[in-house]
Amino acid sequence: MSANIFRHEFRSRFKSVLIWSLSIAAITFFFFSLFPVFADQAALMNEFLAKYPPELRAAFGMSNMDLSTVLGFYSLLFLFIQLCVAIQSSNYGFGLVSIEESELTADFLLSKPVTRTRILTSKLLAALSSLILTDLVIWVSTFAAIEAFGQGRAYDRGTLFLVLFSLIIFQLFFLSVGLVISLLVKRVRSVTPYGLGLGFGAYMLSAFTGVFGQVWLELLTPFKHLDAAYIVANHAYNTPLVLLNLAVSLVSLGASYWLYIRRDVPAVS
């Protein structure tokens with residue numbers, strides 16, 4: 001790893017990390033401020049949700065949620081947190097090596113006495129560090145919101161830790177897949193459309209799984225690989241789907257190194 005490249009990459013994303021982290025923290029506090037209403041009117045809310053079609057409830061992952069409990073309510077909120085970090089991680093993945101190419105500074109970087117393997121490793125570690133910093137803010141804001149609005153209701157802290165830790169695996173998927181796609185296409189001129197497409201695309205696949213009952217679609221989307229409702233109900237991960245998720249991430253990372261080492265980087269003319 002190159003310390004200089006790591007510091008440069010981490011500093012360049014710090015403002016983005018702050019924006020994403022504080023935005024998700026604000027969403028968490030706002031959403032959890034509504035929990036007392038849901039908890040006090042549990043029977044009414046369950047009756048209200050029962051009036052919606054099962055397909056619609058399944059699309060939003062609300063089929064097996066008890067919104068009167070802390071973890072049940074957080075499972076619904078966690079779906080929106082996942083969508084945010086999916087877009088953030090995808091943006092970092094797509095921009096990891098494509099920014100230098102789009103700004104025509106890649107040849108300057110590659111002319112330094114540093115191997116491409118070290119360059120990519122440094123960039124990956126910087127991106128992962130940025131995502132973990134986001135996770136830390138999410139974890140702190142989650143516990144703070146529960147303490148502030150949870151009304152002292154009991155919940156299984158071990159299960160909540162499992163849900164929160166799943167973010168790291170979830171983010172690694174979008175980071176690695178975004179990176180390998182960026183290396184497969186000729187040039188990524190803007191990471192935003194790609195990041196939004198990958199994040200929302202995976203979310204829509206998850207929704208279609210619930211609406212149409214196509215179980216095989218669960219294999220394609222990390223929103224089902226690391227489903228908070230499943231973790232809360234079973235107090236454990238869905239091991240086969242998590243292993244599939246990790247396998248896709250590792251293969252994507254391996255392919256990214258192979259592609260980057262052999263990539264013909266355009267130089268400034």
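A simple spin-label model places the labels of Ser23 and Thr115 3.8 nm from each other, with each point 7 Å out along Cα-to-Cβ. Considering only Thr209, Tyr237, Val114, the residue lying farthest towards the positive end of the dipole of the range 108-261 is Val114, judged by Cα position with unit charges set on Cβ.
FYI, it's all coordinate maths here, none of it is from the lab. This structure is a prediction, so every number in the text was calculated from the model and none was measured. In this analysis, Cβ positions are derived from the backbone assuming ideal geometry, glycine residues included, and neighbour counts consider all displayed protein chains.
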